[in-house]
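Below is one structure, written out as structure tokens; comments come after it.
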């Protein structure tokens, strides 16, 4: 009996397959250890065939980040935060969204971690993709509350960057802290432990 031939993918389907496999490999191995050969092998195609879709590993990595960015929809969060005047409520809303997005898409955080540790040239693009939307939402909220004289005269961009960075580190911590003494590090518990303290420092 003849072996059934694998169905030939359309150009669009093949491109999506390459991006999906690249997302998986980049997040598991990091940028440096992921090769064009391994990417082509994972897709069941040759290296020349892969180069017909992407001219370089750098271009493919940029496409992976663009695809991941589409998973981060902060439009609803932004609209909700615009209606809030309580800084603690705002911080909880943003934090919950960050935890939800990162924990449901672990490859997002692994990519950020790999490239940050290696000091990779694409680190800024990853940070822009994953953190800037949240920094922007919080910065705008802080500017609004500052004008209403509801918070301390802080620098909104610095405070927004520091807070989102702290939450991002806590996402990583959920995995790293497992097994430690008293290590019940669930997202809600982490937020309730830290956000009220942060909010008290901002309120007037």
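Since every read-out is calculated from the coordinates, none of them should be taken as a lab result. Note that the coordinates shown come from a computational prediction; the quantities given were computed from them, not determined experimentally. Quick reminder, even Gly has a Cβ in these numbers, built from the backbone with ideal geometry, and neighbours come from all protein chains shown.
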> What is the calculated FRET efficiency for residue 16 to residue 169, with r their C-beta to C-beta distance and R₀ = 35 Å, to the nearest 0.05?
Replying inline: 0.60
> Ranked highest first by average number of other Cβ atoms within 10 Å, how do 137-144, 165-172, 55-62 line up?
Replying inline: 137-144, 165-172, 55-62
>> Please compute the modelled spin-label separation between residue 32 and residue 88, points set 7 Å along Cα→Cβ, answer in nm with one decimal.
In response: 4.5
>> If you build the convex hull over the alpha carbons only and average its shadow over all orientations, what do you get for the range 11-68? Give it in nm² to one decimal.
In response: 3.4
> Fewest to most neighbouring Cβ within 10 Å: what's the order for 43, 162?
Replying inline: 162, 43
